[in-house]
Amino acid sequence: MKTRSQLASAATYLILAGAALLTLAPFAYLVCGAFKTRDAFFAAHFLPRGSGPLGIDWNGLTLEHLARLFTDPSLRFGVSLLNSVFYASVSSVLATLCAAMGGYALARFAFRGRGFVTALVLGALIVPAPLLLAPTYALIHRLGLLDTFAGLIVPGLAPAFGVYLFRQAIRNAVPTDLLEAARMDGCGEVRLFFEIVLPLCRPMLGAFLLITFIGAWNNFIGPQIILQSPERFPLAVAIAQVKGVYGTDYGLLMAGTLVSIVPVMALFIGLQREFIAGLTSGAVKG
Amino acid sequence: MAVALRPRPMRPDLLMWTFARPHQEMYAPVLAAWNAEPDRPKAESLLLTTDALQRRLLSGFLSGTPLPDLVEVHGGIIAQIFRGPIDRIGFLDLTDRLRESGVIDMLNPPSLSPWTTRGRIYGLPHDVHPVLLGYRADLIEAAGIDLTQIETWDELIRVLRPLMADADGDGLPDRYLLNIWETNPELIDVLLLQAGGGLFDERERLIISSDLNAEALATIVSWTTGTNRIAINAPEFDAAGNRLRLEGVVLCSLLPDWLAGAWQLDLPQLAGKVKLMPLPAWRPGGRRTSVMGGTMLGLPREGRDIERAWTLAQELYLNREVARRLYREAGIVTAVRAFWDDPIFDEPNPFFSGQPAGRLYIDQAPHVPVRSSSPYHRLALAALGDAAMALKMQAEQHRLSAPSQLKPLARALLAQAEQRVRRQMNRNVFFQIEEPTP
Amino acid sequence: MSRARIYPLWAPWLFLAPFVVLFGVFMAYPLISSIGLSLQQTYGPGTSVSVGLKNYADLIRDPLFWIAVRNTALYTAGSLFVQLPIALGLALLLNRPRLRGRAWFRLIFFSPSLVGLVFVATLFGLILHEREGLLNAALARVWPAFPREFPWLQRFVMPALILASLWMYAGFNMIYFLAALQTVDQTLVEAARVDGAGPWHVFRHVTWPAIAPVSGFVALLSVIGSMQLFELPYILLGGPGPESRGLTIVMYLYQNGFETGDLGYAAAIGWVLALFLIGLALVQRALQREALS
């Protein structure tokens, strides 16, 4: 019996390690690529092989790409990094707040029209985004929001997916009795939301914040359409523009991608606990 | 927060969109000189990726969102622009301006064709993009083979075939003669155009199922299959394709001037190993070049200051210094014939083993085939690709590899492709062109 | 409602206001205008012709549309029957008690979700190359009979896309399953083990019933997402790919709307897809209701 469970546990580690290796291989490619010189880039899949120590051709490696990201002003890397941080944080915070408010209303109030709004939320989940592209762009123009961060952020602030997730999470995590007791004590509706509801669905806040942040961080088509001035473009656009028309500087592309992953990676590591607990509360059928 | 609160920058008086960073850099000095003149509207350029530029342009033309005063677009964008009625096309009709100013005589005539629809011209051509054959002179000459007297594809394949031996014994030939594959309709179209075929004729009529096309397609697919195989798939701008080029697995490539420029940047290891020659012809005395890709400069019809935009357009595109930089930095030959005498094109190019690459391209520039600007070009290209794939599958299934065996199959598949494209064309109520009487 | 309402009538609407207003402006309005568009052929203002249901009628007879439907269905099936089981398998392994390095594994499997699609597409273009790709090289090493040239991106586009999306999304879905597994009552699992139940038996009769609702939810999301597949093949193949094997419904919508400029036809495609998904969601609801009652 003991040996059988040992065998099973060894198999578990083996499979997990294998899967981890497969998941990481593309990242290894990315990291190697970010440090390879132009000449060495295509010579090997990972590190350039040669006669140097460890069998690696150290002359085929360089820090030039990373350095260029921060020193070549024509890449606008620094500005676009700031833009990305601004755009992704503002839109994720506001979208999460809107989603939490909407989900709360649908989960914990009984009112005429609730069924209808719930149906709208579910319906919105399944609208193919490209269907809306052309009319939305014309609309943003008519509202005078072209070339503003508002034009980029505001249309994304009614995430049906988020409203749905928060509706589930609040149904699971916020007891009606607690709300009624607080109301009896004279707690106002707005205070109730911020002081009781939000803290109780904190895991979902973290999870949804992360989801929307990643989405905004990697969005590269939207900003180019709504924003007109290059000094507002976020990082994803700056990186996409490295993929040139007459040839791509792969090393630079890889270095840019590498640097762009670091902030989201940090955010994920920081929010990991909330993320999992949050999805638990949102996914369970309430 | 500072980012959001920053005041919106003033929109310049003349705004230009482009999709290529090197272009933007080349125009910068011209724009600076323009802006230095006191009585001129302030001009600026904006770089967008092709997708974003295309979406913005379309929504400007279709729903009145802001457009620039000048815009540089590549051929792929033409589908959406030219599918409307001729009097409502979003770009300014430049035909009369070009004729009256005499500018039209400065330009390479076939290079106007992609920007001409129903007889009217809507853009200044940026380039000619002739196609030459780039070959690994180091490997071929070491084998004692001389390509300078080669005139046709058949001859080329005959003299190079010995190089396809399998010396390393891995069961595959060590080298292949040509980079082309049934999955790459763009390259196939280049060869169809060279053969005198193509997808549309000059008047934008569909000609996919022509006999010339069937013959050329059958030959190309025979190159990729069975005992006749001489080709390999080595996609450009692709790490794997580049490895095949670096390792000498590919001996010859169809090389438009812009790609020759890209190779010099991306594949510096090939310097001194490659040479250029005119494409081998389909038959003796036939055309020795073709054409691939292209960019134009257009003026949106609703621009605020059409006259000044037209002046600026000429300063940018009819500018010797820009033409020189375009060649030096991107390897691209200008469409302005008047600049072809520039000594820069005669400079020996070390990448191409000391050949005067510019001159070789310019020698073929007047002979590039005329192309259509049909908005259905992309669709037709996809249909051509599907026909090529299907032909390859049938060839493998029935173990056919001689062009003569493949030709009847090619003809049938191209007829199907033509039908598919025609059905979509017939849907369009705005774009009606007379069909040839059967 | 038997209990008296103890909150003001406006309270729910106060909280719903941002969603309802933004939904109305940025969703409902464009949606409704796209219905009108789908009944027209248009080339900008002043150049629109009303064509009734012609766009829909043409669509049904359009072979490319049906190719797109076939491909999209194939990919969706791959997401459902390949990717989700693998995600569930990883979650079950990670959920084993006394596993060391759990947090690390979780982070590793999730990490592909942090990367942008542009990069994923560039990367898989390299990995899936028929001759030089990492994948074929690796397969040839473990299985020497594997053909030297295996044209993933030419002939086996949908399997290739399923592989790429496996890399990208399996970790994300794994987290959903991991979340669901937290809700499984461990005492029931122990009790079953004590009764001598094997791992399969425990999974089938204890674990699965507990995570089935979440699985249904994940499957629905996965179907909705898969049916809208567009950017990955669009960037990876630069379009529909050979023989339109990478053409998806939304890519066909995009091509017609933004490459050909046929906005009416594009709107018709979008509505056909939307109606199909709405039907699917209704069926899923009905099935779930039946299962509960």
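The values are calculated or read from the model by the stated rules, or taken from the named source; none is laboratory data. Note that this is a predicted model, so its numbers are computed, not measured. Here the Cβ is made from the backbone with ideal geometry for all residues, glycine too, and neighbour counts use every protein chain on show.
State all residues of region B:66-114 that are polar (S, T, N, Q) and at pLDDT 90 or above; if no residue qualifies, say none. Residues satisfying the conditions are B:T95, B:S101, B:N108, B:S111, B:S113. Given the options C:F119, C:F105, name the one that is at pLDDT below 80, facing another protein chain (nearest Cβ under 8 Å) and out of contact with any His (no Cβ under 9 Å at 6 or more places or on another chain). Sole residue among the options that is at pLDDT below 80, facing another protein chain (nearest Cβ under 8 Å) and out of contact with any His (no Cβ under 9 Å at 6 or more places or on another chain): C:F119.
Here is a list: B:R287, B:R205. Which entry is under 22 Å from B:A335 (Cβ atoms), basic (K, R) and more than 14 Å from chain C (Cβ to nearest Cβ)? Every option except B:R287 fails the conditions.
Against the numbered list (1) within 30 Å of C:E243 (Cα to Cα); (2) of a type in the set (A, V, I, L, M, F, W, C); (3) part of a helix (DSSP H, G or I); (4) out of contact with any Pro (no Cβ under 8 Å at 6 or more places or on another chain), B:L400 comes up short only at (3).
Conditions tested, residue by residue: (1) closer than 30 Å to C:G216 by Cα; (2) at pLDDT below 90; (3) facing another protein chain (nearest Cβ under 8 Å).
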{"site": "C:I6", "(1), (2), (3)": "no, yes, yes"}
{"site": "C:S33", "(1), (2), (3)": "no, yes, yes"}
{"site": "C:L53", "(1), (2), (3)": "no, no, no"}
{"site": "C:L59", "(1), (2), (3)": "no, no, no"}
{"site": "C:N71", "(1), (2), (3)": "yes, no, no"}
{"site": "C:L74", "(1), (2), (3)": "yes, no, no"}
{"site": "C:Q83", "(1), (2), (3)": "yes, no, no"}
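Among the residues of region C:124-141, those that are facing chain B (nearest Cβ under 10 Å) and either among the hydrophobic types (A, V, I, L, M, F, W, C) or within 28 Å of A:S9 (Cβ to Cβ) (or both) comprise C:L126, C:I127, C:L128, C:L134.
Looking at region A:170-229, the helices (runs of 4 or more DSSP H) lying wholly inside it that each contain 2 or more residues that are over 24 Å from the mean Cα position of the chain (by Cα), assigned by TED's automatic domain parsing to the domain that holds A:C98 and at pLDDT 90 or above sit at A:176-184, A:189-192. Taking the listed residues A:G78, A:G55, the one that is of a type outside the set (D, E, K, R) and not assigned by TED's automatic domain parsing to the domain that holds A:L235 is A:G55, with no other qualifying. Against the test of being small (G, A, S), touching a residue at least 24 places away in the same chain (Cβ under 8 Å) and over 24 Å from B:N184 (Cβ atoms), the options B:S353, B:S372, B:S401 yield a single qualifying residue, B:S353. Here C:F146 meets each of (1) surrounded by fewer than 17 Cβ atoms within 10 Å (Cβ to Cβ); (2) in contact (Cβ under 8 Å) with a residue 24 or more places away in the chain; (3) in a loop (DSSP other than H, G, I, E, B); (4) more than 9 Å from chain A (Cβ to nearest Cβ) with one exception, condition (2).
Results for (1) in contact (Cβ under 8 Å) with a residue 60 or more places away in the chain; (2) outside the structural domain of B:G198 (by TED's automatic domain parsing); (3) surrounded by 22 or more Cβ atoms within 10 Å (Cβ to Cβ), shown as yes or no for each residue.
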{"site": "B:V322", "(1), (2), (3)": "yes, yes, no"}
{"site": "B:A335", "(1), (2), (3)": "yes, yes, yes"}
{"site": "B:F339", "(1), (2), (3)": "no, yes, yes"}
{"site": "B:E347", "(1), (2), (3)": "no, yes, no"}
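For B:T50, the conditions (1) buried (at least 20 other Cβ atoms within 10 Å of the Cβ); (2) under 17 Å from B:P114 (Cβ atoms) all hold with the exception of (1). Listed here are the strands (runs of 3 or more DSSP E) enclosed by region B:1-113 that have at least 3 residues being over 28 Å from A:V242 (Cβ atoms) and of a type in the set (F, W, Y), and there are none.
Filter region B:260-315 for residues that are touching a Ser or Thr at 6+ places or on another chain (Cβ under 6 Å) and buried (at least 21 other Cβ atoms within 10 Å of the Cβ); which is farthest from B:F237 (Cα to Cα)? Among residues in region B:260-315 that are touching a Ser or Thr at 6+ places or on another chain (Cβ under 6 Å) and buried (at least 21 other Cβ atoms within 10 Å of the Cβ), the one farthest from B:F237 (Cα to Cα) is B:L279. The residues of region A:84-116 that are within 7 Å of chain C (Cβ to nearest Cβ) and surrounded by fewer than 20 Cβ atoms within 10 Å (Cβ to Cβ), listed by number, are A:F109, A:A110, A:F111. Scanning region A:38-64 for residues that are within 10 Å of another protein chain (Cβ to nearest Cβ) and not aromatic (F, W, Y) returns A:R38, A:D39, A:A40, A:A43, A:A44, A:H45. Residues in region B:116-150 that are within 23 Å of B:G358 (Cβ to Cβ) and part of a loop (DSSP other than H, G, I, E, B): B:H126, B:D127, B:V128, B:H129, B:L147, B:T148, B:I150. Counting only residues that are surrounded by fewer than 20 Cβ atoms within 10 Å (Cβ to Cβ), touching a residue at least 40 places away in the same chain (Cβ under 8 Å) and under 17 Å from A:L22 (Cα atoms), region C:86-107 holds 1 of them. Note on region C:1-97: enclosed helices (runs of 4 or more DSSP H) holding 3 or more residues that are farther than 30 Å from C:P199 by Cβ are C:11-23, C:29-37, C:54-60, C:63-78.
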